[in-house]
Amino acid sequence: MKRKKCILLLPVTYNDGTEVPPSVLADILQSIEEAFDGYTIDGPPCTGVYKMKDGSKARDTSIKVWVAVLPERVEEARMLAARFAGVLKQESLYFEVTEAEVEFVRPLSEIGEKP
């Protein structure tokens with residue numbers, strides 16, 4: 001079954017600049033794995049700037065996490081991201097649903113074809 005590619009940016013520091021403990025990020029990734037059977041961390045951390053409600057700017061370094069989600073479970077992924085925003089003390093958390101369709105392709109020998 002085809003899935004939707006969702007992307008989350010998980011900051012590695014809180015807005016005050018202190019490091020998010022590795023155990024907190026590990027717990028978040030474990031939650032994603034348990035909910036959606038896996039994830040991919042895309043490359044090295046990325047950086048960005050976000051304008052806060054009060055007009056100040058927060059500069060973040062984040063890990064980019066890809067998750068393949070059944071279309072009917074995208075809202076569940078969004079709500080999980082909202083929970084992570086609270087855990088990470090963020091005003092909001094970047095969450096993207098792409099137009100990409102994700103498939104997990106099995107080897108030909110498993111689907112009855114000769115390689």
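Each value in this text was obtained by applying a stated rule to the coordinates, not by laboratory testing. The model shown is predicted, which means the values in this text are computed figures rather than measured ones. Glycine gets a Cβ as well: all are built from the backbone with ideal geometry, and neighbour counts include every protein chain shown.
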* Spin-label zone in segment 2-17 - amide nitrogen under 14 Å from a point set 7 Å from the Cα of T40 along the C-beta vector -> 3-8
* **Loop-resident sites, segment 1-83, for trypsin sites (Lys or Arg not before Pro), counting at most 16 other Cβ within 10 Å (DSSP)** => K2, K53
* So if R0 is 35 Å, what FRET efficiency would E72 and S109 give, r being the distance between their Cβ atoms, rounded to the nearest 0.05? -> 0.70
* By how many nm would the segment from K57 to A100 lengthen if fully extended, with 0.36 nm per residue of separation less the alpha-carbon distance? -> 12.4 nm
* To do: Answer with one residue from L80, A68, T98: the one whose Cα lies farthest towards the positive end of the charge dipole of the chain, charges on Cβ with Lys, Arg +1 and Asp, Glu -1.
  => T98
* Residue-count net charge about V49 - beta-carbon cut-off 12 Å; Lys, Arg +1, Asp, Glu -1 -> +2
* Structure fact -> In degrees rounded to 10, the 0-90 angle between helix 22-36 Cα long axis and the longest Cα principal axis of the chain is 40 degrees
* To do: Report relative contact order for the chain in percent, whole number only (criteria: Cα-Cα under 8 Å, sequence separation at least 6).
  => 41 percent
